[in-house]
Amino acid sequence: MIQEIYDYVMQLQIIDTHEHLPAFEHNREKNDVIAEFLAHYFNVDLVSAGMTRKECAALKGSSLNIMEKWNILKPYWEVCRHTGYGQSLQIAVREIYGIDAICTETIEALDAAYQKGFGERHYQKVLKEKSNIRVSILDTWGNEEFDREYFIAANRIDKLIQPRTGKDMEELEQAAGVTISSFEDYLRACEIRLNQYDEISHILKLGIAYSRSLDFQPTTRTEAESAFLKLLRSGGGYIEKEEQTYYCDPVLTNYLFRFMTGLAQEKGMIMQIHTGIQEGNGNLLSNSRPSHLNEIFLEYPNMKFDLFHIGYPYQGELGALCKMFPNVYVDMCWAHIVSPEASRKALSEWLELFSYTKISGFGGDYMLIDGVYGHQYIARKNIAAVLSAKVGEGLFDETEACRIGKALLYDNPARIFQID
């Protein structure tokens, strides 16, 4: 790695394209460091390695002390600590708390240092001072406040296009000020809600690949209305605000997705879409293939789509789509800790496949604040390594490499998401 490029990339101020952090620091849940670190991502590696769900639940709970938890965790930590998730945590521990390793000898001191962090402005320390993040795009549902010192919003549309509980309907009625008794009422409420979202932020988010395919087949209004009316009558009256989950016909979701995308296109909005591997243990991976969206990109040429997570393991599809469509962008959020190696290879390929101005290089995508630091560190190092290799191959010089590094981590997301 070329030191000049590494040093430059590591000191850049950056824009973080995706987070799941508590909207305010005071909303952080008080727990021990093991429960915190297993709240998101690394627990998946542990279960994949053989940890029982009962053991995992005990580590996330409060009935065991820190050493009792460590004794359960230790054998799994030893075989999982080299994954991207494990690397992220080790980096955070070293750089935030000054502890060189996570081990039997340090776990109590680490927990004490972590607990002390609740008495500080930890968001300021981690996001601003150590990570040098100008702003993070926070995944929200459009009805909650958030700390504007650190975040701007991406508003989820999942519940609008796939209503599945009476609560979903009730929340939409209240937010839009519309009593929903027909399909026309529902469409009107969705349009009002989108207008409200646009006042908060012009960024939308779709994470529906966790529950169904991204293949949104064309559907007529008549078919969608029939599916909606069946849903409205489900369980003796869907509109009765029950907590029960109902079946939402894919036909209805297909229509509503196109309806919302058309409205968003008119407003000049951008939609972030989850593609690739789903978080957690067990799902239908093929639901999330980026190529399922090919027809949508053709139908809505003026709508900007920001495709998440390098589409892993479909990063080849994602790259091809980005090369083909001027309205498609690639987002490396989450990817650097899913697979650091795959992220380096994808970025290396993409720099010679399409314009680097279409790539956003980092999004922490974490529910735990310390993980964001570890992830951005890995992302910066990955980007510096790829740029250094390209200089070594003679593709461009060091000055150009630094300029591209700044584009990936700041200029591109600033332009794509219209961040002043």
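Select from segment 1-54 the residues that are assigned to a loop (DSSP other than H, G, I, E, B) and basic (Lys, Arg) and write down the one among them that is least open to solvent (accessible area, probe 1.4 Å).
The extreme case among them is Arg28.
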Within segment 200-211, restricting to residues that are open to solvent by less than 30 Å² (accessible area, probe 1.4 Å) and part of a loop (DSSP other than H, G, I, E, B), the one that is farthest from Pro413 (Cα to Cα) is Gly207
Please specify each residue of segment 62-80 satisfying the condition of being open to solvent by less than 70 Å² (accessible area, probe 1.4 Å) and in a loop (DSSP other than H, G, I, E, B).
Leu64
Suppose the filter is surrounded by fewer than 20 Cβ atoms within 10 Å (Cβ to Cβ), under 26 Å from Ile270 (Cα atoms) and among the acidic types (Asp, Glu); does Glu393 pass it?
no
Residues Gly311, Gly268: which one is at positive phi and in contact (Cβ under 8 Å) with a residue 60 or more places away in the chain?
Gly268
When you scan segment 91-122, how many residues do you find that are among the hydroxyl-bearing types (Ser, Thr, Tyr) and crowded, with 20+ Cβ neighbours inside 10 Å?
1
Only one of these is at negative phi, of a type in the set (Asp, Glu) and assigned to a loop (DSSP other than H, G, I, E, B): Asp420, Asp365. Name it.
Asp420
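Can you work out which of the residues in segment 212-244 that are of a type in the set (Lys, Arg) and at pLDDT 95 or above is most open to solvent (accessible area, probe 1.4 Å)?
Arg221
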Selected residue (criterion: nearest to Lys130 (Cα to Cα)) from residues of segment 151-177 that are open to solvent by 10 Å² or more (accessible area, probe 1.4 Å) and not in a helix (DSSP H, G or I)
Ile152
What pairs come out if I take residues in segment 54-79 that are under 13 Å from Ile102 (Cβ atoms) and pair them with residues that are open to solvent by 90 Å² or more (accessible area, probe 1.4 Å) and part of a helix (DSSP H, G or I) whose C-beta lies under 8 Å away, six or more apart or interchain?
Ile66/Glu108
Does Gly262 count as buried (at least 17 other Cβ atoms within 10 Å of the Cβ), of a type in the set (Gly, Ala, Ser) and more than 18 Å from Pro413 (Cα to Cα)?
no
Being within 21 Å of Asp411 (Cα to Cα), under 18 Å from the mean Cα position of the chain (by Cα) and open to solvent by 20 Å² or more (accessible area, probe 1.4 Å): is that true of Tyr314 here?
no
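Here are Leu321, Leu353, Leu409: which of them is among the aliphatic types (A, V, I, L, M) and within 17 Å of the chain's Cα centre (by Cα)? Don't jump to the end; show me each part of the working.
Working: Leu321 fails: within 17 Å of the chain's Cα centre (by Cα); Leu353 fails: within 17 Å of the chain's Cα centre (by Cα).
Every option except Leu409 fails the conditions.
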Checked segment 141-158 for anything in contact with a strand residue (DSSP E or B) (Cβ under 7 Å, 6 or more places away or on another chain) and modelled with pLDDT under 95; matches are Trp141, Gly142
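Here is a check on your reading of the model: is Glu352 surrounded by fewer than 20 Cβ atoms within 10 Å (Cβ to Cβ), out of contact with any helix residue (DSSP H, G or I) (no Cβ under 7 Å at 6 or more places or on another chain), touching a residue at least 24 places away in the same chain (Cβ under 8 Å) and not polar (S, T, N, Q)?
Judged against the criteria, Glu352 is a match.
Kindly indicate the residue of segment 178-199 that is assigned to a helix (DSSP H, G or I) and among the aliphatic types (A, V, I, L, M) and also nearest to the chain's Cα centre (by Cα) among those meeting that condition.
My answer is Leu194.
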Looking at segment 323-334, which of its residues are touching a helix residue (DSSP H, G or I) at 6+ places or on another chain (Cβ under 7 Å), touching a residue at least 40 places away in the same chain (Cβ under 8 Å) and farther than 12 Å from Ser88 by Cα?
Tyr329, Met332, Cys333
So Thr275, is it open to solvent by less than 50 Å² (accessible area, probe 1.4 Å), modelled with pLDDT of 95 or more, in contact with a His (Cβ under 8 Å, 6 or more places away or on another chain) and not basic (Lys, Arg)
yes
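The values are calculated or read from the model by the stated rules, or taken from the named source; none is laboratory data. Because the structure is a prediction, the values reported are computed rather than measured. Please note: Cβ atoms are built from the backbone with ideal geometry, for glycine as well, and neighbour counts cover all protein chains shown. These accessible areas exclude ligands, DNA and RNA; they are computed on the full protein's heavy atoms, side chains included. Shrake-Rupley method; radii C 1.70, N 1.55, O 1.52, S 1.80 Å.
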